[in-house]
Amino acid sequence: MSDTPHQRTLLLTGASRGIGHATVKKFAAEGWRVISCSRQAFSSECPWPGGERNHIQVDLSDPQQTMDAVRIVKDRLDGGRLDALVNNAGISPKGPDGERLSTLDTDLRDWGKVFHVNFFASVVLGRGLKDELAKAQGSIVNVTSIAGARVHPFAGAAYATSKAALAALTREMAHDFGPMGVRVNAIAPGEVETSILSPGTDKIVERLPLRRLGQPAEVASAIFFLCSDQSSYISGTEIEINGAQHV
C-alpha cells in the first residue's frame with residue numbers, strides 16, 4: 001500500500017526482533033505504514049512494505065541521538081499525523097556468564113544506559129511528537145514487563161526498576177496527554193518466546209497456569225488492539241500478558 005494521507009502510521013522502537021518484529025508484521029498486515037527505530041540497520045530478515053526507507057538507526061541509550069530521532073521522524077511524517085507510538089525498545093544487561101545483575105553489582109553506567117533506553121526514550125519521543133499524535137487522536141503503548149512488579153529470577157535490577165518506572169510514567173502520560181485526545185497504555189509481557197529468554201525459563205513455564213510460553217504474535221495483537229478504535233476509551237492502564245503468571 002502506498003503512503004496515502006489516510007494510511008495510519010506507527011512509530012515503533014526496538015523493531016528488529018522478538019515482540020518488535022511481530023508488531024511490525026501485525027501492523028503492516030493491517031495496512032499501516034511502520035516507521036521503525038532500532039540500534040541495528042534495517043534487516044532484510046524482517047521485511048515489510050516500505051521498511052527500508054522507513055527505518056531509522058538510532059541508539060536510544062544516547063540522549064542526543066534520541067532527540068535527533070524526533071527531528072528525523074518529524075521529517076518523515078512531513079507535517080502529517082502519527083497514529084501510534086509503541087515504546088518497545090528495552091535492554092537488560094547480564095553478568096560475564098549471563099547471570100542476573102542485582103542492585104549490588106550493576107555498574108552505575110549500565111543503570112544509566114538501561115534507564116535511557118527503557119524509560120527516558122519514551123518521555124523524549126512522546127513529548128517530542130505530541131503534536132503529531134494529537135493531530136491523529138493517536139495512541140501510545142509502553143512495553144513494560146512482569147519484572148516491573150516483582151523480583152524476577154533472570155531480569156536484572158536495572159531492567160526491573162526501569163520497567164516499574166515506565167508503568168508509573170504510563171499513568172502520568174495518560175493524565176497529561178488525555179486532554180489532547182491521545183490515549184496512553186502499557187502492556188506487561190511475562191515469559192514470551194524470544195531471544196531474550198534465559199536458560200531455566202522452562203522451570204517457570206512449568207508453574208504457569210497456562211503451562212506454556214507466550215508467543216510474540218499474541219503480544220503484538222494486544223498492542224494493535226490498544227492502537228485501534230476498539231480501545232477508544234481505554235487509557236492509563238497496564239495489560240498483563242503472561243498466561244496468569246501474576247495471579
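The values are calculated or read from the model by the stated rules, or taken from the named source; none is laboratory data. All figures in this text were calculated on a predicted structure; none of them were measured in a lab. Every residue, glycine among them, receives a Cβ derived from its backbone with ideal geometry; neighbour counts consider all protein chains shown.
Here are the numbers for this structure:
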| item | result |
| --- | --- |
| All helices (runs of 4 or more DSSP H) inside segment 137-247 with 1 or more residues being among the hydrophobic types (A, V, I, L, M, F, W, C) and modelled with pLDDT of 95 or more | 157-177, 216-226 |
| Residue list for segment 139-152, restricted to those being under 17 Å from GLY236 (Cα atoms) and without any contact (Cβ under 8 Å) to a residue 60 or more places away in the chain | ILE140, ASN142, SER145, GLY148 |
| Identity of the residue in segment 132-150, of a type in the set (D, E, K, R) and touching a Leu at 6+ places or on another chain (Cβ under 9 Å), that ends up farthest from GLN65 (Cα to Cα) | LYS135 |
| Failed criterion for GLY236 (all others in (1) touching a Lys or Arg at 6+ places or on another chain (Cβ under 6 Å); (2) surrounded by 17 or more Cβ atoms within 10 Å (Cβ to Cβ) hold) | (2) |
| Residue check, VAL192 surrounded by 14 or more Cβ atoms within 10 Å (Cβ to Cβ), out of contact with any Cys (no Cβ under 8 Å at 6 or more places or on another chain) and of a type outside the set (Asp, Glu) | yes |
| Residue count, segment 1-20 (criterion: crowded, with 24+ Cβ neighbours inside 10 Å, at negative phi and modelled with pLDDT under 95) | 3 |
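So that you can scan it fast, the table gives a plain yes or no per residue for (1) at pLDDT below 95; (2) exposed (fewer than 14 other Cβ atoms within 10 Å of the Cβ); (3) out of contact with any strand residue (DSSP E or B) (no Cβ under 9 Å at 6 or more places or on another chain):
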site	(1), (2), (3)
ASN54	yes, no, no
VAL73	no, no, no
ALA84	no, no, no
ASN88	no, no, no
ILE91	yes, no, yes
ASP97	yes, yes, yes
ARG100	yes, no, yes
LEU108	yes, yes, yes
